[in-house]
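Structure, as structure tokens:
The values are calculated or read from the model by the stated rules, or taken from the named source; none is laboratory data. What you see is a predicted model, and the numbers here were worked out from it, not measured in a lab. Ideal geometry is used to build each Cβ from the backbone, glycine not excepted, and the neighbour counts take in all protein chains shown. Protein only, heavy atoms only, side chains kept; ligands, DNA and RNA dropped before computing areas. Shrake-Rupley method; radii C 1.70, N 1.55, O 1.52, S 1.80 Å.
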Amino acid sequence: MEEHYQHLYEALSQVDGYIYPNEIDLHWGLMIVLYPYITGLVAGAFILASLERVFNIKALKPTYGIALLTALSFLFVATLPLVSHLQHPLRSYEIFMTPNPTSAMAIFGFVYLWYLMVVLLLEIWFDYRLDFVIWSKTSTGFKKLFYKVITLGINDTDEKSAKLDDKLGYFITVLGIPSAFLLHGYVGFIFGSIKANPWWSTVLMPVIFLFSAMVSGIALVMVIYMVVSWARKVKIDMLCLDTIAKYLFYILIIDFTLESLDQIHRLYEAEESFDIIKVLVGGKLNITLIYMQVLFGTIIPLSVIGFFQIYKPTEKIRKISYFFVGILVLIGIFFMRWNVVIGGQLFSKSLSGFTTFNAVYSGLEGYLMMAVWLILPLLILTFLLWLMPPWKKVSSHE
Amino acid sequence: MGTERIVNKRRKFFQTSAALLGGTLLYSIIKPFEAIAQTEEEPTIDDKNLPLWGMGVDIESCIGCGKCAEACKIENKVPEEPFYFRTWVEQYTVKNDGEVKIESPNGGIGGLKQSVPDEDIFKSFMVPKLCNHCTKAPCVQACPVGATFISPDGVVLVDETYCIGCSYCIQACPYGARFMNPVTKVADKCTFCYHRITKGLEPACVEVCPTNARVFGDLRDKKGDLVKFLQDNPTQVLKPHLNTHSRVFYNGLSSEVK
Amino acid sequence: MPKIIFRLFLSFVVFVSIFILIQRYLTPNSFGEYGHYRASAIDDNMLSVPFYKGEEECASCHQEVYDLKSADIHSGIRCESCHMPKIAASKDCKINPPKVEGSLNFCGQCHAINAGRLKKGVPTLNFKDHKGDQNCIECHNAHAPWELKE
């Protein structure tokens with residue numbers, strides 16, 4: 001506690017202008033930056049998988065399984081930063097017991113459960129069930145046990161059951177698209193519905209969150225696909241990679257347009273809050289917004305992929321460029337979340353001053369913990385890829 | 001013939017299951033919006049025999065001595081550190097060049113001191129702040145578990161044993177009236193000294209105010225001090241554009257006040 | 001109905017039923033009585049013991065001082081505005097007496113010059129010009145400020 005006070009006294013000495021005395025502490029820190037980031041990666045990865053299955057973009061087939069497993073690994077972790085940021089984590093079950101119907105946050109538990117249990121797990125299960133049955137006969141040890149249990153005792157391998165799996169899987173995917181939109185549009189609504197905060201309170205927030213989620217998820221799957229291919233020492237399917245990049249390009253344009261529209265709207269309307277937001281963007285958020293989010297996260301990736309749409313250099317150059325573009329986009333979207341969550345708390349609701357955000361390295365809300373939450377899903381993904389490698393699948397949907 | 005029957009059966013099954021799942025999904029989509037629709041209505045408090053607490057603040061009387069902020073901390077065991085306030089006093093100084101300087105060092109405890117040289121001052125005044133006990137409280141709307149609520153007598157309270165400490169209510173409050181209590185680790189805020197007013201006492205801040213700048217009372221008591229204060233003075237609430245319908249009314253509220 | 005659907009549907013029903021059971025069990029008793037909250041939380045909020053006792057409490061021992069104050073300019077100010085209580089109301093204030101130093105800082109909380117204090121009926125003055133560093137109570141009786149001491 002003494003350390004916390006010390007931290008606050010330091011922030012107090014850095015206050016610029018006037019802020020309400022209770023606003024010196026930033027109540028939402030790195031963990032809440034991670035929360036929309038990770039949920040966004042889930043929604044984005046899932047939508048990429050759906051592009052292949054529902055919208056029938058066959059070039060994306062090599063990434064279908066990876067995209068689904070990526071979404072699942074990140075979804076497992078999505079709630080952990082949230083719970084760890086609570087002051088009373090042991091009371092978190094209350095959000096399921098007595099969800100407040102008027103709260104934008106209360107429904108998250110249910111949206112999350114729906115998405116995890118009904119959409120992702122079921123879709124993956126339908127996709128893999130036949131393989132589980134087959135693999136359970138050929139493997140040994142832990143894997144054999146896992147495959148046996150996970151089939152839920154349904155061991156049919158005939159064509160009819162495979163067809164049924166396919167149909168049900170398709171149905172779930174169709175259901176999954178609005179669910180993914182719901183999941184992340186909803187996360188945007190948590191911020192967009194706070195009328196007390198002019199930086200958050202915009203009707204575009206859910207839409208912006210949705211498209212930035214798609215951007216980040218697609219970039220993540222693109223990078224993971226390349227890494228997995230390199231690790232497996234197989235040739236990367238260039239048509240697939242080019243197609244992902246093309247979709248990344250389109251959706252990034254939409255995302256950038258929406259975000260620009262939001263800012264232009266603020267600039268032109270120049271409401272009461274505009275004076276302070278102007279100072280915020282030019283000052284405290286200068287690096288994270290103008291450079292990290294807009295320049296590195298948006299303009300450079302757009303220019304590179306845009307250029308490739310007109311002129312295609314050699315495969316090698318494209319591969320390396322895609323890899324770095326993917327990383328840049330992932331960093332850019334991370335800072336987009338940062339700018340929303342942290343940026344929205346840096347200025348006072350009195351619209352007359354600023355506090356500062358001094359993140360710490362250690363502790364439940366520090367940078368180290370953030371690294372853990374970002375690496376953990378990758379470890380889960382590695383495990384899942386070992387347990388149920390999509391490239392070893394026998395069955396495959398149409 | 002046989003296959004056709006199976007196909008028909010299956011089609012029927014798909015239709016039913018699609019309808020079922022679609023219904024569930026639709027419900028989960030509509031659910032958050034249903035909540036929005038609900039907030040359009042004012043929360044109804046049925047029992048007209050109960051008081052409806054409110055406060056009047058007279059900016060023209062406040063001298064910025066900070067006694068209220070100090071008393072509040074003592075009465076409600078709020079940590080002494082200058083980051084936690086259930087009530088505080090701000091001093092607004094409008095300079096001759098139009099610049100507005102707002103100050104509230106340590107919430108005004110120990111008395112506000114003028115920091116702008118006399119010759120630069122156009123006008124100056126003090127504004128006590130506290131929870132506005134909104135009728136349409138954004139914090140109550142936002143709380144995910146129902147750990148903060150409007151009591152039947154119109155006071156916004158926190159359930160200390162139930163709050164999960166997510167800080168969403170703090171983000172939702174337009175007035176900066178909430179904070180995370182470092183000791184109890186739950187959201188904390190002005191309760192109008194609920195433990196006092198239910199015993200017939202006045203809130204601590206009202207009790208200690210030397211100039212009677214705060215008038216506490218029952219909005220339903222037509223002969224009470226608060227109703228008289230509202231009748232005699234042109235009053236305004238803070239941030240009226242946010243439509244929170246707050247129950248703390250200010251007399252002499254200048255447009256500089258944020 | 002295909003086996004696969006049946007099993008999944010069964011798992012779904014089991015899952016939802018368990019959830020509803022847990023929800024029944026873990027929802028606090030008085031929850032929802034008046035609204036979406038624990039009704040007994042209202043009582044919890046009434047529990048704490050007041051610190052500020054009110055003037056009648058003070059006057060029951062210090063009637064003379066109270067009378068003196070009531071007859072003078074500080075009559076509108078309650079005892080505890082200056083004598084901040086240091087213990088909860090259920091205890092005797094002799095345990096930890098709420099003493100006040102009549103220092104310049106203390107009286108200055110109300111009487112120091114401040115542009116925001118003009119025209120409010122409270123006399124303000126520059127202490128330095130008035131009597132230097134001398135404490136107010138060396139001349140003034142705080143309970144009757146115009147009864148100057150010799």
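What to note about this one:
- Within the range A:83-99, tally of residues that are closer than 20 Å to A:S362 by Cβ and out of contact with any Leu (no Cβ under 8 Å at 6 or more places or on another chain): 4
- Among the conditions (1) at the interface with another protein chain (Cβ under 9 Å from one of its Cβ atoms); (2) open to solvent by less than 10 Å² (accessible area, probe 1.4 Å); (3) assigned to a helix (DSSP H, G or I), A:Y115 misses just one, which is (1).
- Within the range C:52-76, tally of residues that are out of contact with any Cys (no Cβ under 9 Å at 6 or more places or on another chain) and either free of Cβ contacts under 8 Å to residues at least 12 places away in the same chain or in the same structural domain as C:P145 (by TED's automatic domain parsing) (or both): 8
- Any hit, the range A:66-81, residues being aliphatic (A, V, I, L, M), open to solvent by 10 Å² or more (accessible area, probe 1.4 Å), in contact with a Ser or Thr (Cβ under 8 Å, 6 or more places away or on another chain) and assigned to a helix (DSSP H, G or I): no
- Options C:E101, C:E64; residue that is more than 7 Å from chain B (Cβ to nearest Cβ), under 18 Å from C:E138 (Cα atoms) and open to solvent by 40 Å² or more (accessible area, probe 1.4 Å): C:E101
- Scanning the range A:146-167 for any residue that is of a type in the set (S, T, Y), touching a Lys or Arg at 6+ places or on another chain (Cβ under 7 Å), away from chain B (no Cβ under 14 Å) and open to solvent by less than 30 Å² (accessible area, probe 1.4 Å) turns up at least one such residue.
- Odd one out for C:D92 among (1) closer than 22 Å to B:L112 by Cα; (2) among the acidic types (D, E); (3) more than 10 Å from chain B (Cβ to nearest Cβ); (4) within 26 Å of the chain's Cα centre (by Cα): (1)
- Filtered residues of the range A:87-106 (kept if surrounded by fewer than 19 Cβ atoms within 10 Å (Cβ to Cβ) and within 29 Å of A:H4 (Cα to Cα)): A:Q87, A:H88, A:P89, A:L90, A:Y93
- Within the range B:53-68, residues that are in a strand (DSSP E or B) sit with their Cβ atoms under 6 Å from residues that are among the charged types (D, E, K, R), at 6+ positions apart or across chains, in these pairs: B:W53/B:D153; B:G54/B:R247; B:V57/B:R214.
- Among the residues of the range A:23-59, the ones that are in a helix (DSSP H, G or I) and among the acidic types (D, E) come to 2 in all.
- Subset of the range A:82-99 (residues that are part of a helix (DSSP H, G or I), under 22 Å from A:L30 (Cα atoms) and of a type outside the set (D, E, K, R)): A:L82, A:V83, A:S84, A:H85, A:P89, A:L90, A:I95
- Filter pass, C:I87 being modelled with pLDDT under 90 and either in contact with a helix residue (DSSP H, G or I) (Cβ under 9 Å, 6 or more places away or on another chain) or open to solvent by 30 Å² or more (accessible area, probe 1.4 Å) (or both): no
- Beta carbons closer than 8 Å, at least 6 apart along the sequence or on distinct chains, pair a first residue in the range B:95-109 that is more than 13 Å from B:S124 (Cα to Cα) and outside the structural domain of B:F179 (by TED's automatic domain parsing) with a second that is of a type in the set (K, R) and open to solvent by less than 70 Å² (accessible area, probe 1.4 Å) for B:I109/B:K73.
- Test: residue in the range C:67-74 that is within 10 Å of another protein chain (Cβ to nearest Cβ) and not in a strand (DSSP E or B): yes
- For the condition crowded, with 23+ Cβ neighbours inside 10 Å and either within 30 Å of B:A142 (Cβ to Cβ) or among the basic types (K, R) (or both), A:A219 does not qualify.
- Hits in the range A:182-195 (condition: farther than 15 Å from A:M336 by Cβ and open to solvent by 10 Å² or more (accessible area, probe 1.4 Å)): A:L182, A:G185, A:Y186, A:F189, A:S193, A:K195
Yes or no, residue by residue, for (1) of a type in the set (A, V, I, L, M, F, W, C); (2) in contact with a His (Cβ under 6 Å, 6 or more places away or on another chain); (3) modelled with pLDDT of 90 or more:
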residue	(1), (2), (3)
C:Y25	no, no, yes
C:N29	no, no, yes
C:F51	yes, no, yes
C:S70	no, no, yes
C:K91	no, no, no
C:K94	no, no, no
C:E101	no, no, no
C:C110	yes, no, yes
C:I137	yes, no, no
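- All positions within the range B:83-129 that are of a type in the set (D, E), within 12 Å of chain C (Cβ to nearest Cβ) and more than 28 Å from the chain's Cα centre (by Cα): B:D118, B:E119, B:D120
- Selected residue (only one of A:S212, A:S201, A:S179 is within 14 Å of chain B (Cβ to nearest Cβ) and touching a residue at least 60 places away in the same chain (Cβ under 8 Å)): A:S179
- If the condition is being open to solvent by 50 Å² or more (accessible area, probe 1.4 Å), within 7 Å of chain B (Cβ to nearest Cβ) and not in a helix (DSSP H, G or I), then the range C:2-47 contributes C:Y34, C:H36, C:L47.
- For the range B:69-79, filtered to residues that are at negative phi and either assigned to a loop (DSSP other than H, G, I, E, B) or of a type in the set (F, W, Y) (or both), the residue that is nearest to the other protein chains (Cβ to nearest Cβ) is B:P79.
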